[in-house]
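Everything on this sheet refers to the single structure shown next.
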Amino acid sequence: MKDYEEQVRRHYDSAIFEAELVRLSRDCLLESAITCRHLERHIPAGACVLEIGVGGAYYTELLARRGCRLHLVDISARLLENAVAKLESSGIGVAGATRASATSMAMLETGRFDVALLLGPLYHLCTPEDRQAAVRETRRVLKPGGLLFAAGINRLAYLREHFRRSPEQVLDRREFHERHLLDGNLDPEHAPPIGYAHVTGVEEFRELLRDAFAEIALVGVESFAAPWQDVYARLSQEEQQAWLDLIERTGATPEGRGQADHFLFIGRAV
C-alpha cells in the first residue's frame, strides 16, 4: 500500500468515517438515486457482485436485498466492518469481505464475478499507473462479458465549489490551480473533505476504461442539478421522480455530463 493510500485509509477510518455513513442517504441524494436506477436496471437478481469501495454500504444493502451474492473490498477496515455488520443485522450477510487496495486483489480468483462496482476507488488513486492497475484487476476478476460500474468526479466540480465557498483564495492558489488543471490531483491542504484524490474529465475517464470495457453508457449523474441537493430533498416523491427522469435524460448528453459532479461509466468486459 502506497503512502497516499495509507493516508486515504486513515482519512476514512477516522476523519470522515461518520460522514461517509450518511453521505448517500442524506447529502448526495441525486447521486444515490440516479446510480440506483442504473444498478437496478442492469444488474439481475442473484448476480455475483464484487463491490470495491463500500462506503456507507448504501449500494451494498440495495443489491443484497435483490438477492445478489456480494464480496466486499475496501481499504478502510472500519467501513468494511460497518458494511458487514449492517447486512448481518438485517439478516442478509455477505459472501466475503477483504481489506485491500483496488490496485491489488490477488486473493480473488480470475473470472469469478458477474458484476463489479468501482464507485469510489478511482478517485482516490493519484497516479495513472495505479488507476490503470485498478482497472486491470477489476477486469481480471470479472467473467467475460461481466458488467462494470465505475465512478469518477468531474474536475470542474472542485473549482466550482472553491469559487462558491472561498473565492478570495484564488490568488494564493494560482500555482496549485495550474497543476490541478494538468493532473487533476487534490490533497488534504486544498481539499480537506476528500483528501488525496484524483478528479477527471469525460475523455480522460473514457480513455482509462476503453481497452478493457465496451461502453454501454457514460452519464453525468447529477446533470444540471448538482449544486441543489437541498431543493430535491424538499420535493414530494412524485415531484422527485419527475425531476429524476429529466436529470437522467439530460445526464446522457455532453451538456449534462459537463455540469455533473460525478460521472458513471457502465461497461461490459471485453
Revision key, fill the gap. Contact list, first residue from the stretch 64-93 and farther than 22 Å from ARG112 by Cβ and at pLDDT 95 or above, second anywhere and basic (Lys, Arg) and crowded, with 19+ Cβ neighbours inside 10 Å, beta-carbon distance below 8 Å, six or more apart or interchain, is SER76/ARG9; ALA77/ARG9
Review point. For the stretch 96-112, what are the residues that are buried (at least 22 other Cβ atoms within 10 Å of the Cβ) and touching a Gly at 6+ places or on another chain (Cβ under 9 Å)?
Key: ALA102
Study note, to complete from the structure: Note on the stretch 71-95: residues among the hydrophobic types (A, V, I, L, M, F, W, C), in contact with a helix residue (DSSP H, G or I) (Cβ under 6 Å, 6 or more places away or on another chain) and surrounded by fewer than 18 Cβ atoms within 10 Å (Cβ to Cβ) are ILE92
Check your understanding: Restricting attention to the stretch 242-270, which residues are part of a helix (DSSP H, G or I) and charged (D, E, K, R)?
Key -> ASP245, GLU248, ARG249, GLU255, ARG257
Point to revise | Residues located in the stretch 114-125, provided they are under 22 Å from GLY56 (Cα atoms) and touching a Gly at 6+ places or on another chain (Cβ under 9 Å) | key: VAL115, ALA116, LEU117, LEU118, LEU119, GLY120, PRO121, LEU122, TYR123, HIS124
Exercise for review: Could you check the stretch 1-108 for helices (runs of 4 or more DSSP H) lying wholly inside it with 3 or more residues that are under 14 Å from the mean Cα position of the chain (by Cα)?
Suggested key: 29-42, 58-65
Review point. Hey, any hits in the stretch 122-131 for a residue that's under 23 Å from VAL22 (Cβ atoms), among the acidic types (Asp, Glu) and outside any loop (DSSP other than H, G, I, E, B)?
Key: no
Check your understanding: What are the residues in the stretch 46-63 that are more than 21 Å from GLN229 (Cα to Cα) and either at pLDDT below 95 or not aliphatic (A, V, I, L, M) (or both), if any?
Key -> GLY46, CYS48, GLU51, GLY53, THR60, GLU61
Check your understanding: Which pairs do you get when a residue that is closer than 13 Å to ASP230 by Cα, found in the stretch 21-37, comes within reach of a residue that is β-branched (Val, Ile, Thr) and assigned to a helix (DSSP H, G or I), reach meaning Cβ atoms under 8 angstrom, with the pair 6+ apart or on two chains?
Key -> LEU30/ILE247
Exercise for review: Please find, among ARG99, ARG66, the residue that is farther than 27 Å from GLU207 by Cα, charged (D, E, K, R) and in contact with a helix residue (DSSP H, G or I) (Cβ under 6 Å, 6 or more places away or on another chain).
Suggested key: ARG99
Practice item. Look at ALA19 and say whether it is of a type outside the set (Phe, Trp, Tyr), under 23 Å from PRO192 (Cα atoms) and surrounded by fewer than 19 Cβ atoms within 10 Å (Cβ to Cβ). Key: yes
Study note, to complete from the structure: Only unsatisfied item for SER32, checking (1) among the hydroxyl-bearing types (Ser, Thr, Tyr); (2) over 22 Å from ARG131 (Cα atoms); (3) surrounded by fewer than 18 Cβ atoms within 10 Å (Cβ to Cβ), is (3)
Exercise for review: All but one of (1) within 20 Å of MET105 (Cβ to Cβ); (2) surrounded by 20 or more Cβ atoms within 10 Å (Cβ to Cβ) hold for GLY56, so report the exception by its number.
Suggested key: (1)
Check your understanding: So is GLU203 under 20 Å from the mean Cα position of the chain (by Cα), under 14 Å from LEU122 (Cβ atoms) and without any contact (Cβ under 8 Å) to a residue 40 or more places away in the chain or not?
Key -> no
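The values are calculated or read from the model by the stated rules, or taken from the named source; none is laboratory data. Owing to the predicted nature of the structure, the values given are computational and were not obtained by experimental measurement. Here Cβ is always computed from backbone atoms with ideal geometry, including for glycine, and neighbour counts include all displayed protein chains.
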